[in-house]
């Protein structure tokens with residue numbers, strides 16, 4: 001009888017405890033929802049976005065509307081300041097750029113970057129792209145900035161030339177009609193590998209696998225951008241991390257680092273890995289081995305996929321706008337360029353640079369808003385107060401079409417808008433240009449990307465008949 005009574009008692013206690021826990025969780029969720037609603041209730045935006053980020057995550061996963069179109073639509077419906085998730089606000093006014101992306105009073109990256117963090121050997125490995133620790137970023141950049149100075153960039157030109165020569169050789173060996181997109185992506189990957197490691201020790205199939213992985217990683221980030229907590233729970237928990245293997249790129253990074261370390265001498269190597277390992281050797285407590293792995297992965301992932309996509313976008317815009325293509329070809333022919341062209345010669349071609357900038361303005365490769373976190377104590381942005389902890393970003397999707405920034409017909413591809421303007425207007429456009437980000441966290445490898453684009457685009461346009469696939473038209 002006593003055992004039966006005890007059993008009923010413990011069973012009732014378990015039910016009661018579960019009920020209390022459930023009610024507590026419900027109360028916490030309700031309180032959080034109400035709190036989220038009221039802290040930014042003065043910011044316009046879709047009604048459902050004031051309570052949950054699931055709607056925006058659902059939209060991204062459905063892929064029925066990309067980032068650029070969605071952000072433009074929100075700007076059109078709700079104005080230049082819009083709340084698109086409970087704790088997320090977008091601004092399409094370029095005056096907010098020095099506030100959100102300042103170089104002195106630096107606001108740290110928002111939690112939306114966390115889904116882009118790779119896993120290497122079961123461990124989350126931050127990179128310059130994903131880390132939210134601004135003090136760590138300052139330390140890393142102080143040690144590796146020398147790898148991205150004009151002098152260092154000039155040393156990488158030989159690597160770019162090797163990759164261009166290989167691309168030309170491959171194109172000449174193909175049938176008259178080739179898929180140029182594929183070859184441009186291979187070129188971009190092999191170029192950044194040469195700059196990172198001095199050579200390419202991968203088969204074409206392995207390169208394709210890594211490029212596919214990079215696209216999937218970007219896609220994963222975009223899909224979970226608005227729900228980083230849920231992404232961490234589903235994909236980054238200890239059980240899942242422990243069962244996930246290291247990507248082929250991660251394996252390649254570890255292999256190259258181990259090979260270089262086994263030699264014990266970094267002298268004579270004019271590549272990025274040399275700079276990264278020398279920084280690690282000088283300050284191992286600040287630049288850890290894992291940091292070097294993260295730097296290598298982010299260098300190749302960001303440097304290959306984004307640069308290739310930009311070059312494809314440039315060629316696509318030119319082919320759709322024959323007068324612009326004709327103007328560029330005239331500039332290239334008049335310059336009497338070598339093959340491959342030298343960096344010094346292509347840096348003197350204003351229309352080439354204008355074409356690239358115009359393509360990047362209209363269709364930026366990284367379509368996700370670059371969010372920053374308002375510091376504790378809050379801040380006034382564009383005349384609106386936002387409490388600390390709010391994620392804010394420039395709505396560059398909507399900014400693309402502002403006539404007060406880009407001049408008349410900003411929706412059109414018109415490179416002349418960069419070359420036929422007065423200095424004040426040119427400066428206004430340069431400040432608003434978002435091709436490589438803004439502020440302290442601006443892409444550190446942008447000069448490498450410029451070398452690749454400015455050298456390979458003339459090489460292709462001067463030596464090959466590039467045209468659109470009739471099936472695409």
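No value in this document is a laboratory result; all are computed from the given coordinates. Only a predicted model underlies this, so the values are computations on that prediction, with no experimental measurement involved. Glycine also receives a Cβ, built like all others from the backbone with ideal geometry; neighbour counts cover every protein chain displayed.
In nm, give the distance between the simple-model label positions of residue 174 and residue 384, each being 7 Å from the Cα along the Cα-to-Cβ direction.
About 4.7 nm, to one decimal.
May I ask you to compute the full-extension gain from residue 258 to residue 319, defined as 0.36 nm times their residue separation minus their alpha-carbon distance, rounded to one decimal in nm?
On the way: separation 61, 0.36 × 61 = 21.96 nm, distance 4.49 nm.
The residue 258-residue 319 span can extend by a further 17.5 nm.
If R0 is 56 Å, what FRET efficiency do you get for residue 39 and residue 182 from their C-beta distance, rounded to 0.05?
Rounded to the nearest 0.05, the efficiency is 0.70.
When you take every Cα atom in segment 172-288, what is the radius of gyration, and what is Dmax, the widest Cα pair distance, in Å?
18.0, 55
Of the DSSP beta bridges with both residues in the chain, give the percent that are antiparallel, rounding to the nearest 5.
75
Which entry in (1) 0.97; (2) 1.02; (3) 1.09 is this structure's computed Rg/Rh (Cα atoms, Kirkwood Rh)?
The value matching this structure is (2).
Which residues in segment 406-436 place their backbone N less than 19 Å from a point set 7 Å from the Cα of residue 442 along the Cα-to-Cβ direction?
406, 418-419, 423-436
Which stretch or stretches of segment 114-153 have amide N atoms under 13 Å from the point lying 7 Å from residue 251's Cα along the Cα→Cβ direction?
Within reach of a label on residue 251: 121.
Do you know the relative contact order of the chain, to the nearest whole percent, from alpha carbon pairs under 8 angstrom that are 6+ apart?
22
Would you please give the FRET efficiency between residue 61 and residue 289, computed as 1/(1 + (r/R0)^6) with r the Cβ-Cβ distance and R0 = 30 Å, to the nearest 0.05? Intermediate results must be reported in sequence, preceding the final value.
Details: r = 35 Å, r/R0 = 1.18.
Efficiency for this residue pair is about 0.25.
Along Cα→Cβ, 7 Å out, is where each label goes; now give me the distance between the ones at residue 166 and residue 345 in nm to one decimal.
Distance between label points: 2.3 nm.
When the helix-only estimate is applied to the chain (DSSP H runs of n ≥ 4, each -39,500 (n - 2.57), divided by the residue count), what is the mean residue ellipticity at 222 nm, nearest 500 deg cm²/dmol?
Theoretical 222 nm ellipticity from helices: -19000 deg cm²/dmol.
Using a Förster distance of 30 Å, how high is the FRET efficiency between residue 232 and residue 69, based on the Cβ-Cβ distance and rounded to 0.05?
Numbers: r = 27 Å, r/R0 = 0.91.
After rounding, the FRET efficiency stands at 0.65.
Give me the one-decimal nm value for the distance between modelled label points at residue 469 and residue 329, 7 Å along each residue's Cα-to-Cβ direction.
If labels sit at residue 469 and residue 329, their model points lie 2.2 nm apart.
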